[in-house]
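Presented below is the structure to which this report refers.
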Amino acid sequence: MKLTQIRNATLKLEYAGTRFLIDPMLSAKDTWPGFPGTARSHLRNPMVELPVPVEELLDVDVVIVTHTHEDHWDEAAQRLIPKDQVIYTQNDSDATLLRSQGFSAVKVLSDTTMIDGITLVKTDGQHGSDEAYAIPDLAALLGEACGLVFSHESEKTLYVAGDTIWVPPYVEILKKYTPEIVVLNIGFANVDGIGAIIMGKEDALRTHEVLPSAKIVATHMEAVNHCLLSRAELREFAAQKGIKENVLVPEDGETLIF
């Protein structure tokens with residue numbers, strides 16, 4: 001397994017011989033405004049450039065879009081990805097949106113989907129607190145977001161948790177599938193007056209406590225305005241808690257081999 005941190009939640013994954021691009025955000029630095037009503041909204045997004053040429057990212061077999069927020073599926077991705085590329089979405093609504101953007105090979109993830117002999121399980125999460133979802137307009141904006149469990153007899157089990165906070169379904173997945181690799185969207189993105197809508201550093205520790213042998217990979221950091229947790233802070237936290245060997249914090253463009 002080769003897992004490359006690209007930028008924000010964008011990942012390139014080589015798994016059991018199949019190449020995946022997950023949550024492509026392909027815009028040049030400073031292309032679009034910060035998310036209104038969120039932390040540091042005066043900053044423009046993306047905050048950093050892509051670390052590799054776009055052409056390298058497009059050389060994949062399958063694209064997976066866990067949800068269609070702009071920092072996971074932006075205008076540049078819509079423009080640059082070939083219209084006949086095989087793309088999987090979390091639900092019919094997202095698939096309809098992508099088809100309206102001209103994509104002709106869009107498929108919807110089932111609870112369990114087989115791709116080239118790989119078992120891909122779609123998992124639930126919650127993209128914000130109960131209080132956030134109690135506000136109708138904010139609930140509509142946050143919407144749904146899924147995670148993914150990859151398994152194959154020749155590979156370690158990989159869980160990409162997606163945009164979620166710590167909620168019971170996340171813990172249930174950890175216990176049910178006992179993944180050896182857990183990718184956390186851990187940038188601690190904050191909405192004004194509401195708080196975090198994805199995980200933060202404490203969730204790395206809690207994940208370790210549930211699965212002490214797992215390697216935890218940090219993603220969704222230092223690339224969009226509302227993500228407040230830095231790599232340096234996470235590394236320091238992991239060292240203080242004695243889990244730095246288990247918490248991997250790759251730089252953009254860095255490839256991890258498992």
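The values are calculated or read from the model by the stated rules, or taken from the named source; none is laboratory data. Note that this is a predicted model, so its numbers are computed, not measured. Here the Cβ is made from the backbone with ideal geometry for all residues, glycine too, and neighbour counts use every protein chain on show.
Here are the numbers for the structure shown:
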{"item": "Residue count, the stretch 150-181 (criterion: of a type in the set (A, V, I, L, M, F, W, C) and in contact with a His (Cβ under 9 Å, 6 or more places away or on another chain))", "result": "1"}
{"item": "Residue among VAL106, VAL63, VAL86 that alone is in contact (Cβ under 8 Å) with a residue 24 or more places away in the chain and touching a helix residue (DSSP H, G or I) at 6+ places or on another chain (Cβ under 9 Å)", "result": "VAL63"}
{"item": "Residue count, the stretch 5-39 (criterion: part of a loop (DSSP other than H, G, I, E, B), among the charged types (D, E, K, R) and crowded, with 21+ Cβ neighbours inside 10 Å)", "result": "1"}
{"item": "Some residue of the stretch 112-132 being over 30 Å from GLY195 (Cβ atoms), part of a loop (DSSP other than H, G, I, E, B) and modelled with pLDDT of 95 or more", "result": "yes"}
{"item": "Of all residues making up the stretch 102-115, the number that are within 20 Å of ALA145 (Cα to Cα) and either β-branched (Val, Ile, Thr) or buried (at least 16 other Cβ atoms within 10 Å of the Cβ) (or both)", "result": "5"}
{"item": "Sole exception among (1) in contact with a Gly (Cβ under 8 Å, 6 or more places away or on another chain); (2) surrounded by 18 or more Cβ atoms within 10 Å (Cβ to Cβ) for VAL167, by number", "result": "(2)"}
{"item": "Test set (1) in contact with an Asp or Glu (Cβ under 6 Å, 6 or more places away or on another chain); (2) surrounded by fewer than 19 Cβ atoms within 10 Å (Cβ to Cβ) - HIS127 fails condition number", "result": "(2)"}
{"item": "Hits in the stretch 13-26 (condition: out of contact with any Lys or Arg (no Cβ under 7 Å at 6 or more places or on another chain), in contact (Cβ under 8 Å) with a residue 60 or more places away in the chain and closer than 17 Å to ASP74 by Cβ)", "result": "ILE22"}
{"item": "Segments classed as strands (runs of 3 or more DSSP E), wholly inside the stretch 134-214, with at least 2 members that are of a type outside the set (Gly, Ala, Ser) and more than 18 Å from the chain's Cα centre (by Cα)", "result": "none"}
